[in-house]
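Below is one structure, written out as structure tokens; comments come after it.
Derivation of every value follows stated rules applied to the coordinates shown; laboratory data play no part. Here the structure is a predicted model, which is why all the values come from computation and not from measurement. Cβ: placed from backbone, ideal geometry, glycine included. Neighbour counts: every protein chain shown.
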Amino acid sequence: MVEVQQLTKRFGARTAVDQLSFHVAPGEVLGFLGPNGAGKSTTMKMVTGFLQPTSGTARVNGFDILEQPLEAKKALGYLPEGAPAYGDMTVQQFLNFIADIRGLSGDFKRARMQRVIEDVHIGQVLTQRIDTLSKGFRRRVGLAQAIIHDPKVLILDEPTDGLDPNQKYEVRHLIRNMSKDKIIIVSTHILEEVEAVCTRAMIIAHGKLLADGKPEELAARSRYHGAITVKLDARDDAAQALKALPDVAEVQTEEAADELTVFPRNGAVLLPAVSALMAKKQWQVHALYQQKGRLDDVFRQITGGAAA
Ligand SMILES: Nc1ncnc2c1ncn2[C@@H]1O[C@H](COP(=O)(O)OP(=O)(O)O)[C@@H](O)[C@H]1O
Ligand SMILES: [Mg+2]
């Protein structure tokens, strides 16, 4: 368990984290979602013991971060923002160094080293100096050091930031694979990442918790929830006719020239009526689907336009 209680951090007059409280259970992958400056990194630094809270505390695996910091830290793996590492060490030297600091030794140390090297696929760069690695490999080395002691709790600060789409995909895949028996907290300002890896999302802005739920629950609060998007040639005629259907609140033409989105009134189900209309008019329809709701829409709504 991770239990955060009234955690607060002030830097001078600025309150970066404001009485944040939440619990995370094993198996959960919690996404911290928020605009830049929301307080995500500061929260992570306090939970991992890198920053002293102004007030409040947290328990990690049952240990209070202020009263039993060593025990709390043993249960934690942490990938700080930007995945800092010692650039003049080789990957092998760095992991060896971290394993020693973590108190691993003998057969267990060898087994763990081998395991993480396999898990994050860094076998081919072991003898390379860290500052000569590509960003993708550096991030994998960062992940390797975070999990080398097989911690129960893994805290990853923007683990895919600055990576290319393939590398992002890979890191997300690694995170999902590790999630079975761990608690993972990931910060991101990429909404698609939350949908891809998180079982739960917390929207944070100005150091405060603004929403907490399953990504699909949050997305269901979007005005796009249940909206129907249609791609067809007769867009303008269709927009007219769709507007006249019962339970349609609004028809919006999308940037793509042949697309429009029909929004339901009061959560009404529109799909049958919309498809029936398309059939009756014999319009050539290229695509028609019901939207699940958009997390980015909810995010903008909740954070008051403080952009992701
Ligand atoms: N060491 C510091 N000294 C002063 N202000 C800080 C410090 N670290 C963070 N802040 C401020 O605290 C707020 C939250 O920052 P941060 O936790 O890094 O946000 P996020 O990770 O969500 O982008 C920001 O306004 C930031 O400028
Ligand atoms: Mg940050």
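Listed values, structure above:
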item: Stokes-Einstein D (µm²/s) once Rh is taken as the Kirkwood radius of segment 22-104 over alpha-carbon pairs, at 20 °C in 1.002 mPa s; result: 145 µm²/s
item: Longest DSSP-loop-exposure-free segment, trypsin sites (Lys or Arg not before Pro), the chain, at most 14 other Cβ within 10 Å; result: 1-179
item: In Å, descending, principal axis extents of the Cα set of the chain; result: 74, 45, 32
item: Farthest toward positive dipole pole in segment 228-291 [+1 Lys/Arg, -1 Asp/Glu at C-beta], among L271, Q290, A256; result: L271
item: In nm, spacing of pseudo-spin labels at Y169 and A13 (7 Å Cα→C-beta vector); result: 4.9 nm
item: Among P80, P165, P272: highest mean-square fluctuation, GNM of the chain, C-alpha pairs under 10 Å; result: P272
item: Antiparallel content of DSSP bridges confined to segment 118-240, in %, to 5; result: 50 percent
item: Longest exposed-site-free window of the chain, the sites being chymotrypsin sites (Phe, Trp or Tyr not before Pro) in a DSSP loop that have at most 15 other C-beta atoms within 10 Å; result: 87-308
item: Contour excess over end-to-end distance, with Cα ends at R129 and K243 and 0.36 nm allotted per residue; result: 34.8 nm
item: Nearest-0.05 FRET efficiency for L210 and Y289, computed from C-beta distance (R0 41 Å); result: 0.90
item: Set K9/K109; K40/K135; K45/K292 screened for pairs whose C-alpha atoms are more than 30 Å apart; result: K9/K109; K45/K292
item: Set of aspartates and glutamates with alpha-carbon distance to K231 below 12 Å, sequence-local pairs under 8 removed; result: E254, E255, D258, E259
item: Which of I183, T160, G62, positive extreme of dipole for segment 2-219 (C-beta unit charges); result: G62
item: Gaussian network model of the chain, springs between alpha carbon atoms under 10 Å - residue of V197, V29, V269 with greatest fluctuation; result: V269
item: Under 18 Å from K152, Cα to Cα: aspartates and glutamates that are on another chain or at least 8 residues apart; result: E3, E28, D64, E71, D119, D181
item: Among beta bridges that DSSP assigns inside the chain, antiparallel share in %, nearest 5; result: 65 percent
item: Added length on full extension, which subtracts the Cα-Cα distance from 0.36 nm per residue, A25 to E81; result: 17.8 nm
item: Selection from T90, A38, F11, by position along the positive dipole direction of segment 2-219 (Cβ); result: T90
item: Shape call, segment 108-174: gyration tensor on alpha carbons, a/c limit 1.5; result: oblate
item: Mean separation of Cα contacts under 8 Å (6+ apart) over length of segment 112-215, as relative contact order %; result: 21 percent
item: Q301-E217 pseudo-label distance in nm [points 7 Å out on the Cα-to-Cβ vector]; result: 1.6 nm
item: Rounded, prolate or oblate (a/c below 1.5 giving rounded, otherwise prolate when a/b exceeds b/c) for segment 15-63 by Cα gyration tensor; result: oblate
item: Only Lys, Arg (+1) and Asp, Glu (-1) charged, at Cβ; the chain dipole about Cα centre in debye; result: 540 debye
item: Extension reserve of the A257-D107 stretch, reckoned as 0.36 nm per residue once the Cα distance is removed; result: 47.7 nm
item: Highest-fluctuation residue, G37, G213, G12 considered, GNM on the chain with Cα pairs under 10 Å; result: G12
item: In segment 42-139, GluC sites (Glu not before Pro) in a DSSP loop with at most 13 other beta-carbon atoms within 10 Å; result: E67
